[in-house]
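Just below is one structure, and these are the notes that go with it.
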């Protein structure tokens with residue numbers, strides 16, 4: 001019976017990611033809070049999750065009302081950050097981003113588009 005020896009390189013061909021998965025931290029929360037001051041000062045950002053591995057940033061309009069604007073969620077997905085926009089029970093994926101700065105830029109652009117095109121409701125009290 002013939003036997004075949006494998007070289008060390010052949011046996012060590014397991015793939016390991018070069019970068020660790022992105023996680024969301026309190027620093028990221030502070031970065032998004034700073035963005036909101038300039039773009040949408042009435043909005044708030046909250047850090048949700050039971051651990052650092054499943055943490056999400058949730059950006060909500062004033063009073064959490066859909067009439068005031070969409071809610072955004074930034075969450076960890078494999079090796080990227082996923083951004084969702086939720087408005088009137090309609091969930092739209094804005095995309096995947098390599099870091100928090102890119103995710104914040106996407107949210108900022110979406111907020112600027114919304115605030116530029118949004119006309120506040122006429123509130124008259126009789």
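The rows are residues; the columns are (1) surrounded by fewer than 17 Cβ atoms within 10 Å (Cβ to Cβ); (2) in contact with a strand residue (DSSP E or B) (Cβ under 6 Å, 6 or more places away or on another chain); (3) at pLDDT 85 or above.
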position	(1), (2), (3)
71	no, yes, yes
74	no, yes, yes
82	no, yes, yes
90	yes, no, yes
94	no, yes, yes
106	no, yes, yes
117	yes, no, no
- Within the range 59-69, residues being touching a strand residue (DSSP E or B) at 6+ places or on another chain (Cβ under 8 Å) and not in a helix (DSSP H, G or I) number 4
- Query: If you go through the range 72-93 one residue at a time, do you hit one that is assigned to a helix (DSSP H, G or I) and over 19 Å from residue 25 (Cβ atoms)?
  - Reply: no
- Message: Regarding the range 50-58, can at least one residue be identified that is part of a strand (DSSP E or B) and touching a helix residue (DSSP H, G or I) at 6+ places or on another chain (Cβ under 9 Å)?
- Response: yes
- Note on the structure: Selection over the range 94-113 where residues are part of a helix (DSSP H, G or I) and either without any contact (Cβ under 8 Å) to a residue 24 or more places away in the chain or closer than 19 Å to residue 46 by Cα (or both) yields a count of 13
- Message: Is it the case, given these coordinates, that residue 32 is touching a strand residue (DSSP E or B) at 6+ places or on another chain (Cβ under 9 Å) and surrounded by 15 or more Cβ atoms within 10 Å (Cβ to Cβ)?
- Response: yes
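The values are calculated or read from the model by the stated rules, or taken from the named source; none is laboratory data. Computed from a predicted model, the values in this text were never measured in an experiment. Don't worry about glycine lacking a Cβ; one is built from the backbone with ideal geometry, like all the others, and counts go over all protein chains shown.
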